[in-house]
Amino acid sequence: MSDLQSIVSDPRENIIATLGNTTLQSFLTTGVIGKMSLMLTDKRVYFKGKIRSGMIFGTKYMGEEIVDLKDITGTGFKKINPLGYILLSILSFIFGIIFLALEGDSSSMKNVGIVIRIIAITFGIIWIISYIIQRRTIFYINYAGGTVCVDLRLVSYNEIVEFNRTLRICKDNITNYVQPAIPYHPVH
């Protein structure tokens, strides 16, 4: 715990919850290569890992974010289901079938037809694999200035649900806390 305490911005912060993994742990448990960590204190959320500037096709980069709880505007889960890859795969297979029907009797045309069918099937398979790789559910934390997204293939669903519940409780505690009034004493 002392290693984690050295990461926080304010030594008076209390670490409430942590969530994370190493690259090896992630690969062995989920089959996905990735590394990320989230730490919740009574004042902030600390994130380290792959950050997306957009939910689906946004820029991805490795980075670190520190977000004050008072700046968090929302959290949630989003399913990303890129059906365009399935559509491209179906079109590729249809193209291969149509070219099979249009194939002529000459041997050179048959050779071209075989090559085109192989290419169409190859692209169809590539797009199906792309769909499987890109389909996922993410947990996101919106805050004034951006979004932090955690791929649920990197952590267990139950862990992230508990982390989200704890984060919401901490956020409620911050927003319900009323700062004591500082008495005004005019200078004479």
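Between residue 10 and residue 161, take the C-beta separation as r, use R0 = 25 Å, and let me know the FRET efficiency to the nearest 0.05. Can you show the working numbers first?
On the way: r = 28 Å, r/R0 = 1.10.
E(calc), rounded to 0.05, equals 0.35.
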Notebook entry, point to check: Using 7 Å Cα-to-Cβ label points, what is the residue 122/residue 81 separation (nm, one decimal)?
Noted result: 3.2 nm
Next item on the list: Report the FRET efficiency, 1/(1 + (r/R0)^6), for residue 42 and residue 90, where r is their Cβ-Cβ distance and R0 is 45 Å, rounded to 0.05.
Entry: 0.30
Check: What ranking, highest mean first, results for peptides 136-146, 75-85 when packing means the other Cβ atoms within 10 Å averaged over each residue?
Finding: 136-146, 75-85
Note to self: At 7 Å along Cα-to-Cβ for each site, give me the label-to-label distance between residue 97 and residue 111 in nm.
What the structure shows: 2.9 nm
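All of the numbers you see were taken from the coordinates with simple rules; none came from a lab. Treat the numbers as computed from the prediction; the structure is a model and nothing was measured. No Cβ is skipped: glycine too gets one built from the backbone with ideal geometry, and neighbour counts run over all protein chains shown.
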